[in-house]
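One structure below.
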Amino acid sequence: MARTLISLMGLLLLCCLAEAEYLKYKDPKQPLHVRVNDLVSRMTLEEKIGQMTQIERGVASAEVMKKYFI
């Protein structure tokens, strides 16, 4: 019973690892321009606009920052 449980847990772990997506922007071995291009290509238009937006500190609540990707 214990062997079966361990085998099933191992199989589940392998499945999870096999489906893990390789993210170039998180790989420090990749050149900077490759990492930047990979990250920007994954961002939505809303996220890109939010990263370029500058707001006053007085309105920078956690809700506003999350909603507008600031």
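Find all pairs meeting these conditions: Cβ atoms under 6 angstrom apart; at least six residues apart or on different chains; first residue within region 23-39 and open to solvent by less than 60 Å² (accessible area, probe 1.4 Å); second residue in a helix (DSSP H, G or I).
GLN30/LYS24; VAL34/LYS24; ASP38/LYS24; ASP38/TYR25
Of everything in region 40-56, what is closer than 14 Å to TYR68 by Cα, of a type outside the set (A, V, I, L, M) and either touching a helix residue (DSSP H, G or I) at 6+ places or on another chain (Cβ under 9 Å) or open to solvent by less than 80 Å² (accessible area, probe 1.4 Å) (or both)? Give them in sequence order. Step through it out loud before you land on a result.
Applying the first criterion (closer than 14 Å to TYR68 by Cα) to region 40-56 yields 43-56.
Right, trim to of a type outside the set (A, V, I, L, M) and you get 44, 46-48, 50-51, 53-54, 56.
Across region 40-56, the qualifying residues are THR44, GLU47, LYS48, GLY50, THR53.
The values are calculated or read from the model by the stated rules, or taken from the named source; none is laboratory data. Because the structure is a prediction, the values reported are computed rather than measured. Methodologically, a virtual Cβ is constructed for each residue, glycine included, from the backbone with ideal geometry; neighbour enumeration extends over all protein chains shown. In case anyone asks, the SASA skips ligands and DNA or RNA and just uses the protein heavy atoms, side chains included. Shrake-Rupley method; radii C 1.70, N 1.55, O 1.52, S 1.80 Å.
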